[in-house]
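Engineer: Next up is a structure, given as structure tokens.
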Amino acid sequence: MKNVLLLFSMICMAFVMNAQTVTGKVIDGTNDEPLLGATVLVRGTSIGTVTDFEGAFELKVGETGKTIEITYTGFEAKIINVTGKTDLGTITMATSALGLDEVVVTGTMDIVRDRRTPVAVSTITAAEIQAVGGNVEFPDIMKSTPSIYVANQAGGYGDSQVFTRGFSQVNTAFLLNGQPINGMEDGRMYWSNWSGMADVATAIQVQRGLGSSKLAISSVGGTTNIIMKSTQQEQGGTVAYTLGNDGYNKVTASYNTGMMENGLGLTVLLTHWQGNGWAEGTQGQGQNYFISAGYKLNEKHDFNFLLTGAPQWHDQNFDKRISDHFRSGEFNIRYNNNWGTLDGEYLTSRRNYYHKPVANLNWDYKISNNSAFNTVLYASWGRGGGSGGIGNRDNRFFTDQGQWDFDRIVAANQAANGDAEYILRNSVNNHAWYGVVSRFDTKLTESIDFSIGADLRHYQGSHFRQVRDLLGAPSYTQRGTARFDGQPREVTQEFRADPWVALTNFADLDQRIAYNNDETIQYGGVFTQLEYSNELISAYVQGAVSNQTHVRFELFNEPEANMESEKVANLGYNIKGGLSFSFDENNTVFVNTGFYSRQPFHDNIYLNFSNTVNPVTVNEDVIGLEAGYKFANRKFAANVNLYRTAWNNRTTTNTIRDGEVVNGREFVNGGFINLTNVNQLHQGIELDFGYDITRNFKFKGFASIGDWVYSDDAERDIYDDERNLISNEKALSLDGLRVGGAAQTSGGLGITWKAFEGFRFNADVYHFSRLYSNLGASEDELELPAFNLIDLGIGYNFRLANDQLLSLRANLYNALGEEYISRSNTAIPASSNDAENWNGINQDNRVKFGTTQTWNVTARYSF
């Protein structure tokens, strides 16, 4: 017996002596941050552990020669042979996007460390972006994020609008690789200018509320950072083809050289797309080019040059009365009245065309192990505009179905012999934008980090109208202006609505019509952050100060000597801070608060579209408060956020569409409404979660309940399409009115099922309710019907020889084809006669319907 025990003891000792302990640190390849809760398993056994706060792990793997597998939700599994190794060092996890390489993030980006930084944040991976497909609007990728609402998809390719916590995209900061891209004049985002973004984005991070961006920007709803791929580390390429509903076709090709021995690397992507659009008369076509050249000088200096652009044109569909959709006798949800025929050929009156090349140069300088300097120089040159009609309204003709009758217009113009023309014009919005963002980061102690930086921008904009098509008239008569001594001019040049032509070919001063004004905007900001973190606590305080100057140039309605306005300077600032506390590796609570004094937009500084400065224009005040709880373990993660944002002294601009009646006046060619002294209070609760039921079956969901209201009185100015002031109301009562545009209650559930190797199926269900009409022509509110959407997707990856891959993917959106109103610009109450209502909504309301069933199929070959 003793011999048996001795033998058993010797065997155990031998086993222990042969047991191998390995250590390592797992990080996210997107942002070099530690991955908390990654699973580390000895393959073929149940022996395993999870990574800690710093992404570190220690694992006894038993006898030598074992292989470990590291997994984390949203990332490709990592398999490592640990034979003879004790320290595996830093292990980088790549996102689970097939066909996309490692994301390279420059130092000027503000990327949140999930579960540690005390802000409400959602990160959308490359796999999720790539799965959506080419004919879906880029903002639609974000609709599974709490408090995000996407509207206006039926307007035409690229006409979507994103709302964050009830705030429009004008009041959400959008960054492209850390570079601000909202319009400097009015904060607007035109997604058509970024139509190829889904092809080049490797991650989207949505920071709701004040966020943690260090830039001197004052975002009210949140900050969305779109991260584009930089020069890739591995050699390879892709070719893809997408087919979609309503004649959509898209071809994409990309190739990267990989980082070569001489430190150079090049990535190139080219795309062409075209389609007929979901709504009638919303054809579109465009390209996308992306060039990224990287150079690693040495271990301290990295450079990356990037050039991208998405020239496109698309025809547009605007909101209209519900009754207009019954013009054919039956309800036609796709009806659009902005097009017609000329000599039997399709012609639209409303075309958006734009080309906005963007270039930036990144320099990352690693000064020491504790300090780094990062800077990005950037520039963009926007050229293009939008089409419409102008001239003698007696020469406007339409068919019985409401479409344009261009043949009759041409005949009338020719018969008038130059006395009464009605033509098509282009409203041109050109700009040149240059900027630099620089940041210095240093580690003061093991727990304290300090950052300081600068954000400088120079913007030159030009706005005028030019003739697109004379429609048979010999010329267009421009009435006299001060710049031309009050004398009328005959304008004869026509300019195509083409994004490539628009780069260099647009009207000279004497060929411009309707209006003509320029502006110069200069912006300078400094920002700083102090951050403390240890295993339990993460806290930060940030501050920023910025000065913005404006000069307006009136080129038509002032003589040359008086065309330049006085310079207006506005000082703004913000301060914010937050604290995160982790009870253990699973449970974290956070709180943050801040105050913004935000400068008014350029378009609100000058009265009545003139050089006269508005004396009551003041900074907007934004006060935010947020608290949250985060739970995460190996299989389940959840976030709960409470928020309250008070926004005072704000100004808004709303569009009056063709034919809309405001205050008893019909605006045949549309117009504008400016609201000033507007106060809003947005508060609510958000929940999102993910549960890995098994390695191959995942469940996720989100819910948002908001309470967004206006308060106090406001002032309203109404203008016609040529920017003439029509009326002014000093005391517009808004107290208690619901904020419209976005659903105040929303939620969704989704599953992802990987039934077998290479196969993936997903299904998502969404609910939207408590959606109210936009504030515009009246101080009333209208609650729109709730709606539900179902999206389905299926894909399969074929592993080919030599690490090549063929991926097939099909998506079906709004699978049941539900008909719903996406937004309304009027608030006319329901009629007592049900025949005059649609789903309980008065048919006189001007609405935009959402898209019904759409689909796409993509084949992608990666080599």
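Engineer: Any residue at all in the stretch 845-858 that is part of a strand (DSSP E or B) and over 24 Å from the mean Cα position of the chain (by Cα)?
Structural biologist: Yes, because at least one residue in the stretch 845-858 is part of a strand (DSSP E or B) and over 24 Å from the mean Cα position of the chain (by Cα).
Engineer: If residue 389 meets every condition in (1) farther than 30 Å from residue 304 by Cβ; (2) out of contact with any strand residue (DSSP E or B) (no Cβ under 8 Å at 6 or more places or on another chain) apart from one, which number is that one?
Structural biologist: Condition not satisfied by residue 389: (2).
Engineer: Of all strands (runs of 3 or more DSSP E) completely enclosed by the stretch 439-493, which ones contain at least 1 residues that are within 30 Å of residue 179 (Cα to Cα)?
Structural biologist: 448-469
Engineer: When residues of the stretch 761-788 are filtered for being touching a residue at least 40 places away in the same chain (Cβ under 8 Å) and under 18 Å from residue 140 (Cα atoms), how many remain?
Structural biologist: Number satisfying all stated conditions: 6.
Engineer: If residue 550 satisfies every condition in (1) in a strand (DSSP E or B); (2) out of contact with any helix residue (DSSP H, G or I) (no Cβ under 6 Å at 6 or more places or on another chain) but one, which is the exception?
Structural biologist: Single failed check for residue 550: (2).
Engineer: Still on this structure, I have one more. Picking from 469, 508, which residue would you name as being within 23 Å of residue 418 (Cα to Cα) and open to solvent by 50 Å² or more (accessible area, probe 1.4 Å)?
Structural biologist: Every option except 508 fails the conditions.
Engineer: Yes or no: the stretch 348-357 includes at least one residue that is open to solvent by 20 Å² or more (accessible area, probe 1.4 Å) and of a type in the set (Ser, Thr, Tyr).
Structural biologist: Yes - at least one qualifying residue is present in the stretch 348-357.
Engineer: Separate question: Which of the residues belonging to the stretch 556-581 are of a type in the set (A, V, I, L, M, F, W, C), open to solvent by less than 70 Å² (accessible area, probe 1.4 Å) and out of contact with any Leu (no Cβ under 7 Å at 6 or more places or on another chain)?
Structural biologist: Passing the criteria: 556, 568, 569.
Engineer: Restricting to the stretch 389-423, give me the number of residues that are closer than 18 Å to residue 317 by Cβ, open to solvent by less than 20 Å² (accessible area, probe 1.4 Å) and in contact with a Lys or Arg (Cβ under 6 Å, 6 or more places away or on another chain).
Structural biologist: Residues that pass the stated criteria total 1.
Engineer: Residue pairs, Cβ under 8 Å, 6 or more apart or interchain, first in the stretch 402-418 and free of Cβ contacts under 8 Å to residues at least 60 places away in the same chain, second in a helix (DSSP H, G or I) and open to solvent by less than 20 Å² (accessible area, probe 1.4 Å). List them.
Structural biologist: Listed pairs, sorted by first residue: 412/395; 416/395.
Engineer: Another question, then. Under 7 Å by Cβ, and 6 or more places apart or on different chains, what pairs join a residue from the stretch 389-401 that is touching a residue at least 40 places away in the same chain (Cβ under 8 Å) and under 27 Å from residue 329 (Cα atoms) with one that is open to solvent by 50 Å² or more (accessible area, probe 1.4 Å) and small (Gly, Ala, Ser)?
Structural biologist: Within 7 Å, the pairs are 401/328.
One line per residue, one yes/no per condition, for (1) assigned to a loop (DSSP other than H, G, I, E, B); (2) within 23 Å of residue 646 (Cα to Cα); (3) free of Cβ contacts under 8 Å to residues at least 60 places away in the same chain; (4) touching a helix residue (DSSP H, G or I) at 6+ places or on another chain (Cβ under 9 Å):
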| site | (1), (2), (3), (4) |
| --- | --- |
| 182 | yes, yes, yes, yes |
| 187 | yes, yes, no, yes |
| 202 | no, no, no, yes |
| 205 | no, no, no, no |
| 214 | yes, yes, no, no |
| 258 | yes, no, yes, no |
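Engineer: From 290, 305, 326, which residue is within 19 Å of residue 177 (Cα to Cα), open to solvent by 50 Å² or more (accessible area, probe 1.4 Å) and hydrophobic (A, V, I, L, M, F, W, C)?
Structural biologist: Criteria check complete, one pass: 305.
Engineer: Additional query: Collect the residues in the stretch 353-403 that are over 20 Å from residue 194 (Cβ atoms) and charged (D, E, K, R), keeping them in residue-number order.
Structural biologist: Within the stretch 353-403, 364, 366, 393, 394, 396, 400 meet the criteria.
Engineer: Just to verify a result, which residue in the stretch 120-144, among those that are crowded, with 24+ Cβ neighbours inside 10 Å and out of contact with any helix residue (DSSP H, G or I) (no Cβ under 9 Å at 6 or more places or on another chain), is farthest from residue 823 (Cα to Cα)?
Structural biologist: 126
Engineer: Being at pLDDT 90 or above and charged (D, E, K, R) is the filter here, so list the residues in the stretch 757-780 that pass it.
Structural biologist: 760, 764, 770
Engineer: Pull up the stretch 804-819, narrow it to residues that are more than 27 Å from the chain's Cα centre (by Cα) and free of Cβ contacts under 8 Å to residues at least 60 places away in the same chain, then point me to the one that is farthest from residue 242 (Cα to Cα).
Structural biologist: If we take residues in the stretch 804-819 being more than 27 Å from the chain's Cα centre (by Cα) and free of Cβ contacts under 8 Å to residues at least 60 places away in the same chain, then 804 is farthest from residue 242 (Cα to Cα).
Engineer: OK, next. Please name all residue pairs, on different chains or six or more residues apart, with Cβ atoms under 8 Å, provided the first residue is in the stretch 369-384 and is hydroxyl-bearing (Ser, Thr, Tyr) and the second residue is surrounded by fewer than 17 Cβ atoms within 10 Å (Cβ to Cβ) and outside any strand (DSSP E or B).
Structural biologist: Short answer, once both residue conditions are applied: 380/357.
Engineer: Residue 535: touching a residue at least 40 places away in the same chain (Cβ under 8 Å) and buried (at least 19 other Cβ atoms within 10 Å of the Cβ), yes or no?
Structural biologist: When the stated conditions are applied, residue 535 does not pass them.
Engineer: State which residue is modelled with the lowest pLDDT when the search covers only the stretch 616-626 and only residues that are part of a strand (DSSP E or B) and open to solvent by less than 40 Å² (accessible area, probe 1.4 Å).
Structural biologist: The extreme case among them is 620.
Engineer: Let me ask something additional. Does residue 664 qualify as being modelled with pLDDT under 75, open to solvent by less than 40 Å² (accessible area, probe 1.4 Å) and either out of contact with any strand residue (DSSP E or B) (no Cβ under 9 Å at 6 or more places or on another chain) or on the phi > 0 side of the Ramachandran plot (or both)?
Structural biologist: no
Engineer: For the stretch 702-756, how many residues are open to solvent by less than 20 Å² (accessible area, probe 1.4 Å), outside any loop (DSSP other than H, G, I, E, B) and modelled with pLDDT under 75?
Structural biologist: Total satisfying the criteria: 3.
Engineer: Are any residues in the stretch 757-768 open to solvent by 20 Å² or more (accessible area, probe 1.4 Å), farther than 21 Å from residue 806 by Cβ and not hydrophobic (A, V, I, L, M, F, W, C), and if so, which ones?
Structural biologist: Once the filter is applied, which keeps residues that are open to solvent by 20 Å² or more (accessible area, probe 1.4 Å), farther than 21 Å from residue 806 by Cβ and not hydrophobic (A, V, I, L, M, F, W, C), the stretch 757-768 yields only 767.
Engineer: Considering only the stretch 161-174, state which residues are surrounded by fewer than 24 Cβ atoms within 10 Å (Cβ to Cβ) and either aromatic (Phe, Trp, Tyr) or assigned to a loop (DSSP other than H, G, I, E, B) (or both).
Structural biologist: Matches in the stretch 161-174: 168, 174.
Engineer: Suppose we filter 587, 648, 611, 641 for residues that are surrounded by fewer than 22 Cβ atoms within 10 Å (Cβ to Cβ) and either closer than 21 Å to residue 166 by Cα or in contact (Cβ under 8 Å) with a residue 60 or more places away in the chain (or both); which single one remains?
Structural biologist: Going through 587, 648, 611, 641 in turn, the sole match is 648.
Engineer: Now for a different question. So, residue 817, is that one part of a loop (DSSP other than H, G, I, E, B), modelled with pLDDT of 90 or more and open to solvent by less than 30 Å² (accessible area, probe 1.4 Å) or not?
Structural biologist: When the stated conditions are applied, residue 817 passes them.
Engineer: If you don't mind, another one. Please go through the stretch 770-794 and give me each residue that is assigned to a strand (DSSP E or B) and buried (at least 19 other Cβ atoms within 10 Å of the Cβ), ordered by number.
Structural biologist: 771, 772, 784, 787, 789, 791, 793 - these are the residues of the stretch 770-794 that are assigned to a strand (DSSP E or B) and buried (at least 19 other Cβ atoms within 10 Å of the Cβ).
The values are calculated or read from the model by the stated rules, or taken from the named source; none is laboratory data. Treat the numbers as computed from the prediction; the structure is a model and nothing was measured. Cβ atoms come from the backbone with ideal geometry, glycine included; neighbour counts cover every protein chain shown. Surface accessibility is based on the protein's heavy atoms, side chains included, excluding ligands, DNA and RNA. Shrake-Rupley method; radii C 1.70, N 1.55, O 1.52, S 1.80 Å.
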